[in-house]
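These notes are about the structure you will find just below.
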Amino acid sequence: MPRVLLFGAFADVAGWREREVEGASTEALVAVLSEHEGLAERLARPGRMTVVNRVVVRGDVAVTPEDEVAFAPPVSGG
Amino acid sequence: MPRVLLFGAFADVAGWREREVEGASTEALVAVLSEHEGLAERLARPGRMTVVNRVVVRGDVAVTPEDEVAFAPPVSGG
Amino acid sequence: MATLVDGPIDPGALLDAFCAGRTDVGAVVSFTGLCRAATDGRAVETLTLDAWRGFTEEAMTALEDEARARFDLIDLMAVHRWGEVRPGEAIVFVAAAAAHRRTAFDAADYLMDQLKTRAPLWKREDGPDGRRWIEARASDHADAARWNMETKR
Amino acid sequence: MATLVDGPIDPGALLDAFCAGRTDVGAVVSFTGLCRAATDGRAVETLTLDAWRGFTEEAMTALEDEARARFDLIDLMAVHRWGEVRPGEAIVFVAAAAAHRRTAFDAADYLMDQLKTRAPLWKREDGPDGRRWIEARASDHADAARWNMETKR
């Protein structure tokens, strides 16, 4: 199963930072994660960052069980 | 006689920084100072600063023997 | 290279080290971001920065490289805290060195705009009113957009 | 109040002192002007700053006051060397503190433009090619003129 990483408010709301999740694409993973009500609301907000194997991606991207997929809210550095 | 102060290149060229000079106005003092050839050339350049009793003045200003008159080239702070 | 530090950073020591021994630099501009005790009228006891070690440094270094490509710099540095920060402590320090001051001002300003809107860091404020996750403000995005029209100098 | 210092200044120590104990400030921007070992291709062994003690500090403080009136600042400082300066040493240090970073950047930038073109200081370079008195460059006057059209923020 792909390894999913969560950052910022996503990790805070979900109560975990790293977990294996079943899914063949980034949006499939989002659908599974959205079974958690608070996370569903956060994941649906604009500006979500999706990163597959440390490369930022846009849209729905296919993933394999060996992939690492990170989801994060809009950034706030500085 | 008014006390004349010179700064920067003016003092360097004249060889003095402070001296009493005979003159009833700032331009009269400039005329006296301009007897020194190198200083004449420097004083004639644009952007000269003239200060009477610590107040910057423009044009020809009357001065009394009790006044302090400073002449300086364009500034270069920072 | 941009660095991420877990623990206090000392802007003065960073500035002195950045300036030391340079005889080719005329201008050094630094930016220090401090943790405020209140934002938008809410008291802040702790600011917590979440980061993705490795990924975050790489992304910050890429932003630094963009600034180096855009401006005629002699040097550039960025240090960012992660973890828990208390009011009054420094969150971020950026310094830019150039032969002339306009370049140094612009590069530090540019890099801060990019870090605010593009560095993968996530900020949380905890205080008596509870917990709040922060996102870059509309003004931060407007600041960053200023640079889209500009050319190298 | 602006100060004029006869002897080395330490930008790092000034920055740390300026930041210390502040929990209301989000942004501190500093500018450090360093003495370069060469300008316009000429080697510089010593930079000498002539000042009019008292008058120069008053004029610098008036420029600081202009910046305070123009920008929404929490604090502002300026320290300038006079006398002999060696390559690599700091000539001037300016720091601006504000709630938000754009204000701090603009105020430090503004104050430096004013100091360059309006502070009563006169700069001389001595080196193997002889002695040269410096005046503010055309680019310094152009930088200072940028602010004539702007309004308070």
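The values are calculated or read from the model by the stated rules, or taken from the named source; none is laboratory data. These figures come from a predicted structure and were not determined experimentally. We place every Cβ from the backbone using ideal geometry, glycine too, and count neighbours over all the protein chains shown.
Here segment C:1-14 is the region considered, the condition is being of a type outside the set (G, A, S) and part of a helix (DSSP H, G or I), and the residue that is farthest from D:V29 (Cα to Cα) is C:L14.
When restricted to residues that are touching a residue at least 60 places away in the same chain (Cβ under 8 Å), among the acidic types (D, E) and touching a strand residue (DSSP E or B) at 6+ places or on another chain (Cβ under 8 Å), segment B:32-69 contains 2.
Just to be sure, is D:A27 more than 30 Å from C:M112 (Cα to Cα) and in contact (Cβ under 8 Å) with a residue 12 or more places away in the chain? Walk me through it before giving the result.
Values: more than 30 Å from C:M112 (Cα to Cα): no; in contact (Cβ under 8 Å) with a residue 12 or more places away in the chain: yes.
Criteria not met by D:A27.
The listed residues are A:G47, A:G77, and the only one of them that is modelled with pLDDT under 95, out of contact with any Leu (no Cβ under 7 Å at 6 or more places or on another chain) and within 22 Å of C:T56 (Cα to Cα) turns out to be A:G47. Annotation: C:A142 fulfils all but one of (1) at pLDDT 95 or above; (2) of a type in the set (G, A, S); (3) more than 30 Å from A:L5 (Cβ to Cβ); the unmet one is (1). Screening D:A17 on (1) assigned to a helix (DSSP H, G or I); (2) surrounded by fewer than 16 Cβ atoms within 10 Å (Cβ to Cβ); (3) touching a residue at least 12 places away in the same chain (Cβ under 8 Å) shows it passes everything except condition (3). The residues listed here are B:V30, B:V69; of these, the one that is at pLDDT 95 or above and either within 24 Å of D:K116 (Cα to Cα) or among the aromatic types (F, W, Y) (or both) is B:V69.
Has segment C:52-60 got at least one residue that is away from chain D (no Cβ under 12 Å), touching a strand residue (DSSP E or B) at 6+ places or on another chain (Cβ under 7 Å), within 22 Å of D:R102 (Cβ to Cβ) and not small (G, A, S)? Within segment C:52-60 (the criterion being away from chain D (no Cβ under 12 Å), touching a strand residue (DSSP E or B) at 6+ places or on another chain (Cβ under 7 Å), within 22 Å of D:R102 (Cβ to Cβ) and not small (G, A, S)), the answer is yes, since at least one residue qualifies.
Is it true that A:L29 is facing another protein chain (nearest Cβ under 10 Å), surrounded by 12 or more Cβ atoms within 10 Å (Cβ to Cβ) and in contact with a strand residue (DSSP E or B) (Cβ under 9 Å, 6 or more places away or on another chain)? The answer is no for A:L29.
Restricting D:L47, D:L73 to those that are within 23 Å of C:T39 (Cα to Cα), touching a strand residue (DSSP E or B) at 6+ places or on another chain (Cβ under 9 Å) and either assigned to a loop (DSSP other than H, G, I, E, B) or within 14 Å of chain C (Cβ to nearest Cβ) (or both) reduces the list to D:L73.
What's the number of the only condition in (1) within 16 Å of the chain's Cα centre (by Cα); (2) crowded, with 23+ Cβ neighbours inside 10 Å; (3) aliphatic (A, V, I, L, M) that D:A144 fails to meet? D:A144 satisfies all of (1) within 16 Å of the chain's Cα centre (by Cα); (2) crowded, with 23+ Cβ neighbours inside 10 Å; (3) aliphatic (A, V, I, L, M) except (2).
Scanning segment C:40-58 for residues that are closer than 23 Å to C:D106 by Cα and touching a residue at least 40 places away in the same chain (Cβ under 8 Å) turns up at least one hit.
Scan the strands (runs of 3 or more DSSP E) fully inside segment D:78-132 and keep the ones with 3 or more residues being more than 14 Å from chain B (Cβ to nearest Cβ) and touching a residue at least 40 places away in the same chain (Cβ under 8 Å). Write out each step before concluding.
Details: elements: D:83-85, D:90-98, D:121-127.
Because the criterion is at least 3 residues that are more than 14 Å from chain B (Cβ to nearest Cβ) and touching a residue at least 40 places away in the same chain (Cβ under 8 Å), the strands (runs of 3 or more DSSP E) in segment D:78-132 that meet it are D:90-98.
In this structure, C:D65 does not qualify as more than 14 Å from chain D (Cβ to nearest Cβ) and in contact with a strand residue (DSSP E or B) (Cβ under 7 Å, 6 or more places away or on another chain).
Among the conditions (1) modelled with pLDDT under 95; (2) buried (at least 24 other Cβ atoms within 10 Å of the Cβ), C:D24 misses just one, which is (2).
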